[in-house]
1. Cut-off is 10 Å between beta-carbons; in what order do B:Asp116, B:Asp422 appear when sorted fewest neighbours first?
2. How big is the charge dipole of chain B about its Cα centre, in debye rounded to the nearest 20, if each Lys and Arg gets +1 on its Cβ and each Asp and Glu gets -1 on its Cβ?
3. With an 8 Å cut-off on Cα pairs and a minimum separation of 6 or more residues, tell me the relative contact order of chain B in percent.
4. From the P(r) of the stretch B:3-127, could you give the percentage of C-alpha pairs in the tail past 25 Å?
5. Please list 3J(HN,Hα) in residue order for the stretch B:150-166, calculated via the Karplus relation 6.51 cos²θ - 1.76 cosθ + 1.60 where θ = phi - 60°; whole Hz, with x for glycine and proline.
6. Would you kindly calculate the translational diffusion coefficient of the stretch B:148-284, applying Stokes-Einstein with the Kirkwood radius from alpha carbon pairs, for 4 °C and a viscosity of 1.567 mPa s, and quote it in µm² s⁻¹ without decimals?
7. If I take every Cα pair under 8 Å that is 6 or more residues apart in chain A, average their sequence separation and divide by the length, what percent do I get for the relative contact order?
8. What is the spread of the Cα atoms of chain A along each of their three principal axes, largest first, in whole Å?
Amino acid sequence: MNNAEQIKETIARIFPDVETVICYQQGFDGLHATPYFISIPEQVNKLIWNPLCAQNLTSYLPSIKKKVGIVVKGCDSRTIIQYLQEGLIDRAKVVIIGVPCTGVISVKKVLREIGHQPVVDVVFDDNGNIVVKTQKGEKRLAIADVCPDKCTTCQYPTPLVYDHLIGEPIASNKPKEDVYKDIREFDAKTLEEKRAYWEKEFERCIRCYACRNACPMCICQDSCIAETREPHWISQRLSLQEKFMFHMIHAAHLAGRCVECGECERVCPMDIPVAKLKKKINAEMKELFNYETGVNPDDKPPMYTFNVDEAKIKEHKL
Amino acid sequence: MRVGVFICHCGNNIAGTVDVARVAAEMRKLPGVVYATNYMYTCSEPGQEEIKQAIKKENLDRIVVAACSPRMHENTFRKTIEKAGLNRYFLEMANIREHISWIGEDKELNTAKAIDAVKMAVAKVMKNKPLYSSSFKVNKRVMVIGGGVAGMQAALDCADGGLDVVLVEKSPSIGGMMARLDKTFPTIDCSICILGPKMVDVAQHEKIKLHAYSEIDEIKGYVGNYQVKVRKKATYVDWTKCTGCGACMEKCPTRNAYDNFNFGVAPTRAINIPFPQAIPKKAKIDPAFCRQFTKGKCGVCAKICPTGAINYEMQDEIVTEDVGAIIVATGYGLFDLDKFPEYGAGRYPDVITGIQYERILNASGPTSGHILRPSDQTEPKTIVFVSCAGSRDKSLGVPYCSNFCCMYIAKQAILTKDHVPDSQSYVFYMDIRSPGKGYDEFTRRAQEDYGVKYIRGRVSRIYPKGKKMVVRGADTLLGTQVEVEADLVVLATAVVSAPGAAGMAEKLHISYDTFGFYVESHPKLRPVETNTSGVFLAGACQGPKDIPASVGQGSAAASKVQALFSKDMLESDPAIAQVNTNACVGCLKCVRTCPFQAIKEEELRNGKKVAKVIETVCAGCGVCTSTCPCGAIQLQHFTDNQLLAEVNAICQG
């Protein structure tokens, strides 16, 4: 991607209309990108733009009161649309720099490939590969092989909402039917199999709440039900039951809200497929209400309404 | 915490299938329970006295009563413990009658289930918090919806009691169904002669404000403070100028407009006054038939009107009325005859409905009270009445009895004989239902003095034969088929709920049954109340009813309103949603899901935006509490922790 220069130019232009711009810079090594807050145009030099810029920066938006600029990929833009649907941000206070994206990289997958060696340098070649140099040598990996799962079925590579678009829009070449393919496959398992699967996965959970903290749609912030005594839905015990309960609550609270950005899964230190639960509920929401999160700012989230009768839900009749 | 548990035998109702002594013994083992006993009738005076004594003697601070449904006696026991000095919300009831003893026969299983139920109540009561009601002002103005005889009676009784009344009537005149009747059973007195004075009273009463030809658009608010949007439909006649002279009606060139008042027995004019005694006696234009509207030119009425009242440009007008209580008296509708192909109603002009016949009998009706059949305007000599045309027929979706048809058929048969002395009436009936005062004597008079032939059996088919209608049916007493060649057939069509009854119920937040009739608070003991406080029922909107019953209910509803308005301040129910502003993150999902618009956004002093429950509007339904992601909004008396305590009691025990 050689969009970095264009992004820098655009950022320079939107100052001083905005007070801050949120973008990416290099982290502690070449394999890690980290969020970067620019408050004067000169800082823009440290900005980077490459497939390692995987974080969903929009998570910061609801808590920022001043006018901000933000760099978003297609998937990130869905969060902004969901925020707009739920009235969590003011559109007038956000300047969106949209960048069409061909897929990001899962750092976890790369680290697995290089055997968790310290990284010396990272370069990208022109053929869609990432070359990671370590002290033990160099590894060339196709980006498509180390992308997060969400990229394999991405429907919205071009941001759905933006003020400035960098480069040309890209259309998705992935079939729409495949979006919930993994969910359908999982659904085919028996109840016992599913239970065994989740017990095995959640057994590892250390209740660090990283999934919750990274989630852009977790709006309860310091009032999370996982930590309150009033109401006391779950205790602090580290039992499987309590872990289950926490993840179920998290998933239920995201019903018809999860924008499938995959941040929960990306940040999980225990590699638990937590996004799957939320995706399953989204598949149900699609089925019941024909609703897809974060695609149209004028949509009304179904869980934000109260109807006496729903077309696809059989209510008890007298 | 010192919990006292009282297990009621309810005679044999509970003790018959639940080992109450064992339940009490089990409760004594629970931590926190210091006293548990069982008693024959806990709701009786000595039963309540025992609770009071135990509270004093044992120093109890929480009470569990395991008995019937809280809908029966929760209030009783709340008052009991309040008298003994406890907050009324320190009472919890376990329903071991409707939920347990009445539905299971196995005493062992029932007892185990009862133990669980009472355990849950104990766990809940230990989490209960004292709650206090606040009070709010009452707007002592009442709205009556529907100007039939029930609504009029309610309006008059309220107004005579000194209340301001707003009466809203859908059609252009008050009077309802009764105004259309000829005579009334069992006294054969003229219907409009007894109703007319009441209508005039309504019109002249200085406390009654009448909105005729108006409908309810929206109802907001709560008991004591309702805001009702009334849509005054466009009449295209300025009623402040109209004198009701009728000149327009006489000159109107459109002579084929459907006559709602006469149920289509004869056509009327596009501009019309429904009947001579109409209140208000004002003209209105039916734009579906008026040439000015359908063809764009005519204007005859505008030319002829001596006061210049015609206004073709008139629009619906919306007025908002603030009232403290609402009496619903929206009446009934009649069964759709299209569902009766075998009776041919609607296809054969000489098969008519009871209410149409009523209009034919009526001196102010289209035939001026002469019985002439619709097809050829001749006097019918043989008349067949078919009762239960739709009623008591499960297959037609009307399993219930329509209540007053047997009586009006007898009346119409008697009147027929009076009008046409050489006529013969036949009545096909399933059963003669005449349980009112003087009613059975009346139906016997029809048979014995007026020679009406009653045939017990149902009609299978009605078909034309020359100028006659052949009515084929069964005579189950003789065990044969019978055929009667009639000049006119009158169907006693089933009474159904008023058109739009369900929509109205949803505006009022009251419940309705499968048939669209409104559901009273208790079928025996609270017949005119609804479960929405401040909304009362009168007349046939609650179920088919004759005139005396409707009038009685109208008066009853009025007395309920008087009792409600006897206080200047009302107490609010504290079992409503409450926001913990520390935990609220201001996502305002609750605002969007609240079915009562009872939550609004509020800005705290530190600038934080949070949800705020409008106490008096909140109905305590709990939708917001299940919506709130962080549990910041809790329904008092049913908090998450209280419910979790119950769940834990049953799951961990």
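1. Details: B:Asp116 19, B:Asp422 7.
Listed from fewest to most nearby Cβ atoms, that is B:Asp422, B:Asp116.
2. On the way: 79 positive and 68 negative charges, 199 e Å.
With only Lys, Arg, Asp and Glu charged at Cβ, the dipole is about 960 debye.
3. Working: 1422 pairs, mean separation 84.3, N = 653.
The value is 13 percent.
4. Working: 1009 of 7750 pairs.
For the stretch B:3-127, the fraction of Cα-Cα distances above 25 Å is 13 percent.
5. Residue by residue, the stretch B:150-166 yields 5, x, 5, 4, 4, 4, 5, 5, 5, 5, 5, x, x, 8, 7, 10, 10 Hz.
6. So the translational diffusion coefficient is about 79 µm²/s.
7. Details: 496 pairs, mean separation 51.7, N = 318.
Rounded, it is 16 percent for chain A.
8. 67, 49, 42
Laboratory data are not the source of any read-out in this text; all were calculated from the coordinates shown. A quick note: this is a predicted structure, and the numbers were derived from the prediction, not measured. Counting neighbours? That spans all protein chains shown, and the Cβs are built from the backbone with ideal geometry, glycine included.
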